[in-house]
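Taking it in order: structure first as structure tokens, then the write-up.
The values are calculated or read from the model by the stated rules, or taken from the named source; none is laboratory data. Please read all numbers here as calculations on a predicted model, not as lab measurements. Ideal geometry is used to build each Cβ from the backbone, glycine not excepted, and the neighbour counts take in all protein chains shown. Each accessible area value is taken on the protein alone, full model and side chains, heavy atoms only, with ligands, DNA and RNA left out. Shrake-Rupley method; radii C 1.70, N 1.55, O 1.52, S 1.80 Å.
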Amino acid sequence: MNMNDMIIKKRDKGVLTEEEIQFFVKGYTEGAVPDYQASALLMAIYFNGMNKEETYALTTAMRDSGDIVDLSAIRGIKVDKHSTGGVGDKTTLIVGPMAAACGVPIAKMSGRGLGFTGGTVDKMESIPGFRTTLEEQEFVNLVNENGISVIGQTGSIAPADKKIYALRDVTGTVENLSLITSSIMSKKLASGSDAIVLDVKCGDGAFMESLEDARRLGELMVEIGNADGKRTAAVITDMDQPLGRAVGNSLEVIEAIETLKGNGPEDITLLSQTLAGIMVYLGGKAASPEEGYRMAGESLQSGAALKKMRLFIKGQGGDPRILDDAGLFPQHQFAVEVTSPGAGFIQKIKARQVGIASQHAGAGRAAKGDAIDMTAGIYLHKKVGDAALEGETLATVFANDEQKAAAAAEELLSAYQIGEEMLQTNKLIKEIIGL
């Protein structure tokens, strides 16, 4: 096979065979295919797309480029959960303990954050002593003993995705349906779970800004997951404003704990209970998603989910006292209040800008190797639909650098849109696909 012929074929809107796609993925991962040819093929795919067969072939070739995790030693139906990324999305830290409290084994591998979206691994590492790197046997034992363990993704899972994504990131080829699908699903299919629940974001702070694009992505990922023998469902959810009130690593962990205590914001509680309910259903512990939803809610009310969170933290070396004393988290030096320039109603909070503001404060990364400040972030006192008086606090920025705090506050103020009319908030749960 010849890469030049494949590039021309896709440039001219042809369909690549499974063998050609495997040749490209294997060759690029091993260094036999140079960046310039891989870039040309990715750009041809970006403009001309891939059909379902090509997308599935690309996903499985990327899946097979590294290790396939064997979780057969863990008892029960393992259910994974993935979010396409958003601002203030701390649902894994809530959904995992809720589903585990309902009897679903949670053996999850999560990633770090990049840019304006946060990563679950970073959030967990803000917990004093918490370990995100475990030996395989310890990981399995913790799930069997406690019902839940979440660790960082290893480099041996879908290494083709890591290399191809890095190239897409610098060649303007990120926003393509097939390339996004193969990137997400290659890792999910290699991670060893029996079923997958996907939280597909749409709106200002999401990869897929329109509902139609998010639906297409959700449908394609569900189809590919099911074709690989993993029962898969997707929930299309709103990311036009941040999820919850806290944005930033330790701040989000604190909000997750409050949610597990039954004191969380309405939106994060609703989304977490919905996702956990579907996981409970796919895990065979409920006869329907509706029953799963009720069981997930009961795990909050009874304290069972909070108990699982305690076991989860303690099992991975973290200090479980943080559940009772948030002061045990590392503390910020500076807090800057962002106040309302006038009176009115909050009509919009641009999620992407809030994420960028938190990045300015030190909570996010501009490049993969950047260090992050676990204490930095934003707390939103006012959200869409709330009334604000002139001079009233809209949000607070936390940072360990005064200049970073000031830059974040300036960015954050511009994310707020205030007007005389109270607008209706967007529907949070838009669609469920695959059930």
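Among (1) part of a helix (DSSP H, G or I); (2) modelled with pLDDT of 90 or more, there is one condition D169 misses while meeting the rest; what is its number?
That leaves (2) as the condition not met.
Filter segment 51-65 for residues that are farther than 19 Å from A107 by Cα and either within 25 Å of the chain's Cα centre (by Cα) or open to solvent by 60 Å² or more (accessible area, probe 1.4 Å) (or both) and give the result.
Correct list: K52, E53, T55, Y56, A57, L58, T59, T60, A61, M62, D64, S65.
What residue, among those in segment 388-417 that are open to solvent by 50 Å² or more (accessible area, probe 1.4 Å) and of a type in the set (A, V, I, L, M), is farthest from the chain's Cα centre (by Cα)?
L389
This table checks each residue for (1) under 18 Å from the mean Cα position of the chain (by Cα); (2) farther than 16 Å from D67 by Cα.
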residue	(1), (2)
G129	no, yes
E135	no, no
N141	no, yes
G152	yes, no
S156	no, no
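Residues of segment 232-252 being surrounded by fewer than 24 Cβ atoms within 10 Å (Cβ to Cβ) and under 21 Å from A399 (Cβ atoms), which ones?
Once the filter is applied, which keeps residues that are surrounded by fewer than 24 Cβ atoms within 10 Å (Cβ to Cβ) and under 21 Å from A399 (Cβ atoms), segment 232-252 yields only R245.
Residues in segment 281-320 that are assigned to a helix (DSSP H, G or I), touching a Phe, Trp or Tyr at 6+ places or on another chain (Cβ under 8 Å) and either open to solvent by 30 Å² or more (accessible area, probe 1.4 Å) or under 29 Å from T133 (Cα atoms) (or both): how many?
Total meeting the criteria: 3.
Filter segment 367-382 for residues that are part of a loop (DSSP other than H, G, I, E, B) and touching a helix residue (DSSP H, G or I) at 6+ places or on another chain (Cβ under 8 Å); which is surrounded by the most Cβ atoms within 10 Å (Cβ to Cβ)?
A376
Kindly provide the set of residues from segment 142-158 that are assigned to a helix (DSSP H, G or I) and surrounded by fewer than 18 Cβ atoms within 10 Å (Cβ to Cβ), ordered by number.
Hits for segment 142-158 are N144, E145.
In segment 5-50, what residues are under 27 Å from the mean Cα position of the chain (by Cα) and open to solvent by 10 Å² or more (accessible area, probe 1.4 Å)?
Once the filter is applied, which keeps residues that are under 27 Å from the mean Cα position of the chain (by Cα) and open to solvent by 10 Å² or more (accessible area, probe 1.4 Å), segment 5-50 yields T29, S39, M43, Y46, F47, G49, M50.
Table: residues versus (1) open to solvent by 10 Å² or more (accessible area, probe 1.4 Å); (2) closer than 18 Å to T60 by Cβ; (3) not β-branched (V, I, T).
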site	(1), (2), (3)
T171	yes, no, no
M185	no, yes, yes
L189	no, yes, yes
V197	no, no, no
G203	no, no, yes
E209	yes, no, yes
M221	no, yes, yes
G225	no, yes, yes
K230	yes, yes, yes
